[in-house]
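Novice: Structure below; questions to follow.
Throughout, read-outs are computed from the coordinates displayed, never taken from laboratory work. What you see is a predicted model, and the numbers here were worked out from it, not measured in a lab. So basically every Cβ, Gly included, is an ideal-geometry build from the backbone, and we count neighbours across all protein chains shown.
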Amino acid sequence: MAPDSEFANASFGKPDFDVVVVGSGFAGLYLLHKLRELGFSAKALEAAGDVGGTWYWNRYPGARCDIMSIDYSYSFDPDLETEWQWSEKYATQPEILRYLQHVAAKHDLRRDIAFETRVESATWDKDSSRWLIRTNRGAEITCRYYVMAAGCLSKPKEPEIEGCDCFRGEVYYTSRWPHRGVDFTAKRVAVIGTGSSGIQSIPLIAAQAKQLTVFQRTPNFSIPAHNGPIPTHRLADYERDRASYRERGRWSRFGVPVELSQIGAMQVSEDERRARYEAVWEAGELVGIGLAFNDIILNPKSNETLCEFIRGKIRTIVTNPETAEALCPTDHYVATKRACLDTNYYETYNLGHVRLVDLRKTPLARITETGIDTTIETFEFDAIVYATGFDAMTGPIVAVNITGRNGVTLRDRWAAGPLTYLGLMTTGFPNFFAVTGPGSPSVLSNMTVSIEQHVDWICNCLKDLRDENLEVIEPTATAEAGWVQHVNDCANITLFPTANSWYMGANVPGKPRVFLPYIGGTDAYRTACNEVVARGYLGFVRSGSGQRRVNDGVIRRLQPDVQMLLEAMSALNLPPLEEMSPEAARAFSSELSAVRPPGPEVGEIVDGVLPGAGGDLDYRLYRPATAGPHRVVVYFHGGGWVLGSHDSDDPFCRDLCVRSNAVFVSVNYRHAPEHCFPAAADDAFAAVRWIGDHLETLGGVPGPLVVCGWSAGGNLAAVVCQMARAAGGPNICGQVLVAPVTDCDFSRPSYTENGVDYVLTKPLMNWFWDHYADPANRTDPKASPLRANDLSGLPRALVVTAEFDPLRDEGAAYAEAMASAGVEVKHLPCRGQIHTSLTAVDMILSGAGARAEISAAIRQFFHQVEDLVMRDN
Ligand code: FAD
Ligand code: NAP
């Protein structure tokens, strides 16, 4: 953070404008309007000759929106909704441009815009708390606040092809199309690039040109737009109550008011899956993918079913099988690169004068004076069209030389990827805002909704500063780091990072590979932004007039899927377990278990019975599908010694069995209050002994075992290791304790911090202990293994703790105590997880990393044994 003096001693001069805005597209226009409405003086600087932004520049044939026009439009002016009628489902570029020109005229916005004025640099002057803006026209303008509404897709990418400048024919860029239009009649034309711009323009260029050759490096997934009148059901929904329609859009996942599917693609039959995909194909809407299934961008198997469906369509439409195959994407999951909407794209390749050149097979060598050379062929053209895309999201921002505190440039600060708080601001650059900046939903949403939300947030923020007699705002380093982490956490549970997309910066050579937008949803994002304000601008330092208000903190600390699960549970208003009888609680938790995803397939599952300390115990054995025999892990379920069974932890055991390639034997034990302490511990020990003696009968490798358990089961696994040490066997080579109970003491900070909101609560832990052990027994190491006088000589251990778990600190304390006693221990603290999330296979995807580490530790425990055996031999 900047030293205090930089805020406290600032002297506030009067700048030329309160706010300078860069850009006059959807964002810049609404900003000007809103700022004016709030009484701020503002000036917009625009490189183009008029308003429109994207829709000013991208005038190529076929350019249209790919979000329905009734959604892809402003909502801030209710009159606009009635005075402007969209002529089609997806309006053309000229119509959208006319719309923006209409808005500019209606609200008299042009008078505050300087056109053909490119901002080249912006420098923060800490002494006057002002930004100094320099333009290509030599002007110097000062302002208190500098807002870049410069667009996410406004800086064309260099084509980086050798010989680009040599070509003597006509050269066009889809992103800078001539205003006069282009006539390709009787011309031999090349198009390089098959993203959305290429896919929209190719059919129309083909309709004019004598000959069209498309140079494709990567095929994209495209579905037909079925453009025409706005679908009647949507129009009716919109016209019924426009205000509520818009409000639903604001609070939807992608900024479009449609109900997303609640079901995964692998949860339905193949016929139903196909029927849903046919419906997506017929609907001609990108959000249709989310309407079909809820896991297309999460689950590779689900995604592949849609990929194959689209490939099937391509093969049916395109008559030349070789061309069809070349058009089938195979290197990325659908939607991980922006999917396209087209009109007659694939059909165009059936025309005799259209040819596809697959650059994967015959790479582009160079542009020549007369055409294009690939590695095997020479082509001659009259015109070349580059549809090669943009340096997206960060490109337009760092194209301006922005210098913040202490002479640090934004280009340098973002050298390894953008760092923002909420995608709105960045530390070290006070009073600098970006509309739809990296780290916000932006390009993964209906942009008009995201733009309005950002503009509203920024303007309200400036108003709040003014109302509170403050002038400078800047995010704290902690808040920013927390948000960047959250953005990455969201991306990392999806398939997006697997693609070489412009979302990842992968299309621009040398650009850091970082997922740029926020995939948590426009609804979740809006909630976070609102919460930041409601909590007194959490994560910001605000200062002025001798005041300095620091409100440090992180807005989202839970893993995104954990947060969603908690919200879903809270909406269900489930009764607290501790208010039920043990029987009712058991029945309730069994009901919950029955509706979860089942976990992965294993090679074999065998149910059996083994002798416990007080009678027979049920067990369930999971065998990997690989050739055996396998090493054996004994597993104990969670449930506070009162609830649970091998059923309740079934998906977790399947998952660990597959990942660690070991047999898992999940043993039931006697439950309290019917059988109190030490029944469970004695059963667990008896089970481990019996299994140790019957390894070969169970199809296992003779030798040592690993014990593993979650929660109360983690407690039993720890206790068993201590009992085995005292008894001189059985031979245990590793213990895995997942969120274990290790102590009866509730005074550690994690009980205070996490005792209420995260499923396992302090009252519930009390209920468990009250049923399991009398207060007098609780300090016995067989109940509280942390209380053992000596922890030396225990098996190697992995202790896994969850950040938002009341048991976090006692787990960590046990790991520490064992390490102090000389035991080889690894402690795995799981950021953003709760007590129950690590075992929630296929529900909490962010827990998969921990499960992979647990399995790696199990393999490692066994390898160490095998290494010892080999050394001894
Ligand atoms: P822009 O419209 O990009 O405007 C930014 C303006 O800032 C530009 O006019 C630019 O000249 C100016 N500028 C930038 N840097 C400077 C500088 N240094 N100095 C002065 N001026 C500068 N999104 C959707 O949600 N749905 C769609 O259907 C859709 N279709 C699209 C189609 C195309 C062809 C493209 C390229 C993008 C599309 N997008 C779509 C994304 C689209 O960019 C946004 O929807 C929206 O138009 C962005 O508005 P904006 O005002 O934020 O930025
Ligand atoms: P894009 O999606 O990045 O596509 C660029 C294309 O050019 C890709 O096929 C790329 O291949 C190719 N390319 C780039 N450099 C190349 C090179 N040196 N040699 C050969 N091929 C090269 O860009 P875009 O089509 O302009 O679209 C960008 C975004 O704008 C879209 O994703 C969308 O968000 C928005 N958009 C929307 C619409 C709409 O339908 N409303 C229309 C246009 C744009 P690789 O994939 O191999 O890099």
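Novice: When Rg is the radius of gyration of the Cα atoms in segment 628-734 and Rh is its Kirkwood radius, what does Rg/Rh come to?
Specialist: With Rh from the inverse mean 1/r over Cα pairs, Rg/Rh is 0.95.
Novice: Using only the alpha-carbon atoms, how far is helix 300-317 inclined from the longest principal axis of the chain? Give it as 0 to 90 degrees, nearest 10.
Specialist: 40
Novice: Short version: what are the Cα gyration tensor semi-axes of segment 290-421, square root of 5 times each eigenvalue, largest first, in whole Å?
Specialist: 35, 27, 12
Novice: With a ≥ b ≥ c taken as the square roots of the eigenvalues of the C-alpha gyration tensor of segment 745-873, please select rounded if a/c is under 1.5 and otherwise prolate if a/b is larger than b/c or oblate if it is not?
Specialist: oblate
Novice: What distance in nm separates the simple spin-label points at ASP774 and ALA186, each placed 7 Å from Cα in the Cβ direction?
Specialist: Distance between label points: 10.6 nm.
Novice: Same structure, new question: What list of ³J(HN,Hα) couplings, whole Hz, do you get for segment 231-237 from phi and the Karplus terms 6.51, -1.76, 1.60, once you set θ to phi - 60° and write x for glycine and proline?
Specialist: x, 4, 5, 6, 4, 5, 4
Novice: Continuing with this model, one more query. Let me make sure I get this right: for segment 554-706, a, b and c are the square roots of the gyration tensor eigenvalues over alpha carbons, sorted descending. Under 1.5 in a/c it's rounded, otherwise prolate if a/b > b/c, else oblate. Which is it?
Specialist: Cα axes put segment 554-706 in the oblate bin.
Novice: On C-alpha positions alone, give me the angle between the axis of helix 522-534 and the longest principal axis of the chain, in degrees, nearest 10.
Specialist: 80
Novice: Over segment 142-182, with a single point scatterer placed on each C-alpha, what log10 of the ratio I(q)/I(0) does the Debye formula yield at q = 0.19, 0.23, 0.28, 0.34 1/Å?
Specialist: Treating every Cα as an identical point scatterer, log10 I(q)/I(0) equals -0.78, -0.95, -1.12, -1.20.
Novice: Enumerate the calculated ³J(HN,Hα) couplings along segment 258-271 in order (Karplus 6.51 cos²θ - 1.76 cosθ + 1.60, θ = phi - 60°), each rounded to whole Hz, writing x wherever the residue is Gly or Pro.
Specialist: With the stated coefficients, segment 258-271 comes to 10, 7, 7, 5, 9, 10, x, 5, 8, 8, 10, 5, 4, 5 Hz.
Novice: Oh, and also: How high is the relative contact order of segment 360-475, in percent, with contacts defined as C-alpha pairs under 8 Å that are six or more residues apart?
Specialist: 15
Novice: Which whole number of Å³ per residue matches the convex hull of the alpha-carbon atoms in segment 700-784?
Specialist: Spread over its residues, the Cα hull of segment 700-784 gives 110 Å³ apiece.
Novice: Taking the Cβ of LEU737 as the centre, find all other residues whose Cβ is under 12 Å away and add up their charges (Lys, Arg: +1; Asp, Glu: -1).
Specialist: Computed value for this residue: +1.
Novice: Under the Kirkwood approximation applied to all pairs of distinct alpha-carbon atoms, what is the hydrodynamic radius of segment 539-627 in Å?
Specialist: One decimal place: 19.0 Å for the Kirkwood radius.
Novice: Non-local amide H neighbours of THR374 (under 5 Å, H modeled in plane, Pro and chain starts lacking H): which ones?
Specialist: For THR374, the qualifying residues are ALA365, PHE379.
Novice: Using only the Cα atoms of the chain, each taken as one equal point scatterer with no solvent, compute I(q) by the Debye sum, divide by I(0), and report log10 of the ratio at q = 0.06, 0.08, 0.09 Å⁻¹.
Specialist: With no solvent term, the Cα-only Debye profile gives -0.50, -0.84, -1.00.
Novice: ARG725: net charge of surrounding residues, Cβ under 14 Å, Lys/Arg +1, Asp/Glu -1, itself excluded?
Specialist: Overall, the nearby charge balance is +2.
Novice: Follow-up. What does the highest-first list of 735-748, 521-534, 107-120 look like by mean Cβ count within 10 Å?
Specialist: 735-748, 521-534, 107-120
Novice: Also, I was wondering about something else. If you rank ARG623, ARG859 by fewest surrounding Cβ atoms within 10 Å, what's the result?
Specialist: Neighbour counts put them in this order, fewest first: ARG859, ARG623.
Novice: Hey, what number do you get for the chain at 222 nm if only DSSP H runs of n ≥ 4 count, each worth -39500 (n - 2.57), divided across all residues, to the nearest 500?
Specialist: One gets -10500 deg cm²/dmol as the mean residue ellipticity at 222 nm.
Novice: Something else now. At a 10 Å Cβ-Cβ cut-off, how would you order ILE493, ILE844, fewest neighbours first?
Specialist: Going from sparsest to densest Cβ surroundings: ILE493, ILE844.
Novice: Starting from the Kirkwood Rh over alpha-carbon pairs, what translational D in µm² s⁻¹ does segment 139-215 have by Stokes-Einstein at 10 °C and 1.306 mPa s?
Specialist: 104
Novice: Using the 2.2 N^0.38 Å rule of thumb for compact globular proteins, work out how segment 1-144 stacks up: its C-alpha Rg over that value, please.
Specialist: Dividing the Cα radius of gyration by 2.2 N^0.38 Å gives 1.25.
Novice: Restricting to Cα pairs below 8 Å that are 6+ residues apart, what does the relative contact order work out to for the chain? Please round to a whole percent.
Specialist: 10
Novice: Another one. Is segment 787-829 best put as rounded, prolate or oblate by its Cα gyration tensor, with a ≥ b ≥ c the root eigenvalues, rounded for a/c under 1.5, and otherwise prolate when a/b is larger than b/c, oblate when not?
Specialist: oblate
Novice: Collect residues whose amide H, placed 1.01 Å from N in the peptide plane, falls under 5 Å from the amide H of CYS65; neighbours closer than 5 in sequence don't count.
Specialist: ALA91
Novice: To test your reading of the geometry: what angle, between 0 and 90 degrees and rounded to tens, separates the Cα axis of helix 26-37 from the longest principal axis of the chain?
Specialist: 90
Novice: I'd like the FRET efficiency for ASN136 and HIS694, computed as 1/(1 + (r/R0)^6) with the beta carbon distance as r and R0 of 60 Å, rounded to 0.05.
Specialist: So the FRET efficiency works out to roughly 0.15.
Novice: Step through the residues of segment 737-748 one at a time and calculate ³J(HN,Hα) from phi using the Karplus curve (6.51 cos²θ - 1.76 cosθ + 1.60, θ = phi - 60°), rounding each to whole Hz and writing x for Gly and Pro.
Specialist: With coefficients 6.51, -1.76 and 1.60, one gets 10, 9, 6, x, 7, 10, 7, 8, 8, 9, 8, 6 Hz.
Novice: Mind listing the long-range amide H neighbours of TYR421? Cut-off is under 5 Å, sequence gap 5 or more, other chains count too, H placed in the peptide plane at 1.01 Å from N.
Specialist: When sequence neighbours closer than 5 places are left aside, the close amide H contacts are THR426, THR427.
Novice: For CYS490, CYS657, what's the fewest-to-most ordering of other Cβ within 10 Å of each Cβ?
Specialist: CYS490, CYS657
Novice: Residues of segment 152-179 with amide nitrogen under 19 Å from the 7 Å Cα-to-Cβ point of GLU116?
Specialist: From segment 152-179, the list is 176-179.
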